[in-house]
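Each remark here refers to the structure printed beneath this line.
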Amino acid sequence: MREMIWLLVVVVLMGVASMGGGVEGRKGKALEGSLEYTAINCRGHSASITEFGGVGDGKTLNTRAFQEAVNKLSQYGSDGGAQLYVPAGQWLTGSFNLTSHFTLFLHKDATILASQDINQWPVIDPLPSYGHGRDAAGGRYISLLFGTNLTDVIITGDNGTIDGQGLLWWQKFHGKKLKYTRPYLFEIMYSDTIQISNVTFLNSPSWNVHPVYSSNILLQGITILAPIRSPNTDGINPDSCSNTRIEDTYIVSGDDCVAVKSGWDEYGISYGMPTEHLIIRRLTCISPYSAAIALGSEMSGGISDVRAEDIVAINTESAVRIKTGVGRGGYVKDIYVKGMTLHTMKWVFWITGNYGSHADTHWDPKAIPVIQNINYQNVVAENVTMAARLEGISGDSFTGICISNATIGMRVKAKKVPWTCTDIEGVTSGVVPKACDLLPDQGIEKIGMCTFPQEKLEIDNIELKKCSYVMP
């Protein structure tokens, strides 16, 4: 009976993701030849990709049309900005660059289809906070939609699709035939005021949405889909970013649904740009081999003030995972998670201090990460193999772990010892099954002891405007 109930939950949530139930940004709709939607900013000028020679037949390459459209519309940056409309159709393209004060709007039946011609993907340098490609030592293929040093960029629509056609890349990765790191579907660098809403990302070659070295980011009503065995198809990766809000998002992927990062080993330490002031709300995740929310493993610039609430994870390896190790340096601190509904996973709580993946051989063995003030409260889980695996670093205990009001239903063939804990310090209250001795129970009267900040972050004060587009 329980399995049937959870199946119904999945179906309902998938329906919400496709129909946009309750998401403010999903109110875009056709009204007598026009579209209405909400966005951070509306635009004074509009054009359709067809005006630049775009052909949506799924065969004609539109890279030049997209880039010419963006270049042309960039002239309106100081005059109310501009919107590029992508109508129904299959719009095959290679990578193209975005511009400031710009909106890319996808019709509900529009698909931006990534070219499988590798020549359509220029190679760029590794990120300075990584110093190294993720798949290979050298550079990396540029993302399908890319921008750098921009202000006020919006990608939205009526749940149109950006399809990375990733199978070719996954095969090359598994066959070790790549000279450079695979492209992402969206990456924006050194930018401010970014919105992505009401768009479906499908079959990315690697990570899907990657804002890096950026701030004031709203990611809302996004659907991300990839096969559960596809390699490194992380959903959303806020990386050395501040003031980011992720909400009302549905992700099925082959890697972490949300992966919070800030640089890799000595390169991330040197770059020194943390991810901070991050909100994650109403996330639904399916990822059998990874986490709903991961912090790290690349966290050498630091991660702090992460607030996650109302998380649904179904058939994931873990709910929240902190990944770090000797050589990372940096910190993960002031993490607050409230309200998780979980079903079928290996671990609910997982903190790893022995994650050994390094950029190169130059990492510093004295660079020890700091993990402190990690708060979880109001958790309900079913069909769990092991409640927690919490492993600090010898001589560098992870401190301030607080877990309150957590009921974990173990599967029939669960591990005999539900908790394993080494080199950690903290407390619990109202946790079933009882936690390990390193997390002593403070009594039922302390059930609300784990903190969750009440003050709003700046990104929560954004007010969306009602915008419209007159159909050509």
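The values are calculated or read from the model by the stated rules, or taken from the named source; none is laboratory data. Everything numeric here is computed off the predicted structure, so don't read it as measured data. With ideal geometry, Cβ positions are generated from the backbone for all residues, glycine too; neighbour counts draw on all protein chains shown. When the accessible area is computed, the model is the full protein with side chains, heavy atoms only, and any ligands, DNA or RNA have been set aside. Shrake-Rupley method; radii C 1.70, N 1.55, O 1.52, S 1.80 Å.
Give the Cα extents of region 216-367 along the principal axes, in whole Å, largest first.
Between the extreme Cα coordinates on each principal axis of region 216-367 lie 39, 31, 24 Å.
Antiparallel versus total DSSP beta bridges in region 385-470: what percent is that, nearest 5?
10
Along the charge dipole of region 232-350, pointing to its positive end and built from +1/-1 on Cβ of Lys, Arg, Asp and Glu, which listed residue (Val320, His277, Ser304) has its Cα farthest out?
My answer, from the dipole projection, is Val320.
Compute the distance from the alpha-carbon center of region 374-427 to that of region 429-459, in whole Å.
Taking the Cα centre of each part, region 374-427 and region 429-459 sit 12 Å apart.
How big is the antiparallel share of DSSP beta bridges in region 118-222, given as a percent to the nearest 5?
10
List the longest stretch of the chain that has no exposed loop site; here a site is one of the GluC sites (Glu not before Pro) assigned by DSSP to anything other than H, G, I, E or B, with at most 10 other Cβ within 10 Å.
It works out to 33-454.
Find, among the trypsin sites (Lys or Arg not before Pro) in region 383-417, those assigned to loop by DSSP (not H, G, I, E, B) with at most 10 other beta-carbon atoms within 10 angstrom.
Lys413, Lys416
Would you please classify the overall shape of region 156-250 from the alpha carbon gyration tensor, given that a ≥ b ≥ c denote the square roots of the eigenvalues, rounded means a/c under 1.5, and beyond that prolate means a/b larger than b/c while oblate covers the rest?
Because a/c hits 1.5 or more and a/b fails to exceed b/c, region 156-250 counts as oblate.
Grab the other residues whose beta carbon is less than 13 angstrom from that of Asn373, score K and R as +1, D and E as -1, and report the net.
Once all neighbours under 13 Å are counted, the net charge is -1.
What do you get for trypsin sites (Lys or Arg not before Pro) in region 31-65 restricted to DSSP loop and a cutoff of at most 13 other Cβ within 10 Å of the site's Cβ?
Passing sites in region 31-65 are Lys59.
Excluding Gly147 itself, calculate the net charge of residues whose Cβ lies under 13 Å from the Cβ of Gly147, where each Lys or Arg counts +1 and each Asp or Glu counts -1.
Within the 13 Å Cβ shell, the charges total -3.
Counting other Cβ atoms within 10 Å, keep those with at most 10, restrict to DSSP loop, and tell me which trypsin sites (Lys or Arg not before Pro) in region 138-215 are left.
Lys176, Lys177
Lone cysteines in the chain, going by a 4.7 Å Cβ-Cβ cut-off?
Taking the Cβ cut-off of 4.7 Å, the unpaired cysteines of the chain are Cys241.
What aspartates and glutamates could a cross-link reach from Lys261, if we take a straight Cα to Cα line under 17 Å and drop same-chain neighbours fewer than 8 places away?
Those aspartates and glutamates meeting the cut-off are Asp135, Glu187, Asp234, Asp239, Glu276, Glu298, Asp305, Asp334.
Per residue Cα convex hull volume for region 348-398, in cubic angstrom?
Cα convex hull per residue, to the nearest whole number: 108 Å³.
What list of ³J(HN,Hα) values in whole Hz, one per residue of region 161-178 in order, does the Karplus curve 6.51 cos²θ - 1.76 cosθ + 1.60 (θ = phi - 60°) give from phi, with Gly and Pro shown as x?
Couplings: 10, 10, 10, x, 6, x, 3, 4, 5, 4, 5, 5, 5, 5, x, 6, 10, 9 Hz.
Apply the a/c threshold of 1.5 to the C-alpha gyration tensor of region 400-442 and tell me whether it is rounded, prolate or oblate.
oblate
Whose amide H sits under 5 Å from the amide H of Thr38, counting only residues 5 or more places off or on another chain, with H placed in the peptide plane?
The list, which skips near neighbours in sequence, is Lys27, Gly28, Cys467.
Just subtract the alpha-carbon distance of Thr420 and Asp437 from 0.36 nm times their residue separation and send over the number in nm, one decimal.
The span from Thr420 to Asp437 would gain 5.2 nm if fully extended.
Which value, in debye to the nearest 20, describes the size of the charge dipole of region 390-430 about its Cα centre when Lys and Arg Cβ atoms bear +1, Asp and Glu Cβ atoms bear -1, and nothing else is charged?
Its charge dipole is roughly 480 debye.
Could you work out [θ]222 nm for the chain from helices alone, using -39500 (n - 2.57) per DSSP H run of at least four and dividing by all its residues? Round to the nearest 500 deg cm²/dmol.
After summing the helix terms and dividing by residue count, I get -3000 deg cm²/dmol.
Using every pair of alpha-carbon atoms in region 147-191, split the distances into 10 Å bins beginning at 0 and state the percent of pairs per bin, rounded to integers.
21, 36, 31, 13
Leaving ligands, DNA and RNA out of it, work out the accessible area of Lys72 with a 1.4 Å probe and give it in Å² to the nearest 10.
110
Would you mind working out the magnitude of the charge dipole of the chain relative to its Cα centre, with +1 at each Lys and Arg C-beta and -1 at each Asp and Glu C-beta, to the nearest 20 Debye?
My answer is approximately 1100 debye.
For Cα extents along the principal axes in Å, one of (1) 85, 63, 39; (2) 87, 51, 41; (3) 67, 50, 41 was computed from the structure I shared and the rest are decoys. Which label?
Comparing each candidate, only (3) matches the computed number.
Report the charge-dipole magnitude of region 337-432 in Debye, nearest 20, computed about the Cα centre from +1 at each Lys and Arg Cβ and -1 at each Asp and Glu Cβ.
It works out to roughly 520 debye.
May I ask for the net charge around Asn208, where only other residues with Cβ less than 12 Å from the Cβ of Asn208 are counted and Lys, Arg are +1 while Asp, Glu are -1?
Cβ neighbours under 12 Å give a net charge of -4.
Would you work out which of Asn378, Val470, Pro227 lies farthest towards the positive end of the dipole of the chain, given +1 charges on the beta-carbon of Lys and Arg and -1 on that of Asp and Glu, about the Cα centre?
Pro227
Assign one of three labels to region 285-439, namely rounded, prolate or oblate, based on the Cα gyration tensor with a ≥ b ≥ c the square roots of its eigenvalues; rounded applies when a/c is under 1.5, prolate when it is not and a/b is larger than b/c, and oblate otherwise.
Prolate.
Whole-Hz Karplus ³J(HN,Hα) for region 46-63, in order, using 6.51 cos²θ - 1.76 cosθ + 1.60 and θ = phi - 60°, x for Gly and Pro?
9, 7, 9, 4, 5, 5, 10, x, x, 10, x, 9, x, 10, 6, 7, 10, 4
If you roll a 1.4 angstrom probe over the protein chains with everything in place, what fraction of the accessible area of region 378-426 belongs to carbon and sulfur, to the nearest %?
Of all accessible area on region 378-426, carbon and sulfur atoms account for 48 percent.
If you count the DSSP beta bridges with both ends in the chain, what percent of them are antiparallel, to the nearest 5?
Just about 5 percent of them are antiparallel.
Of the options Cys450, Gly395, His362, report the single residue whose Cα projects farthest towards the positive end of the charge dipole of region 349-468 (beta-carbon charges: Lys, Arg +1; Asp, Glu -1).
Toward the positive end, the furthest listed residue is Cys450.
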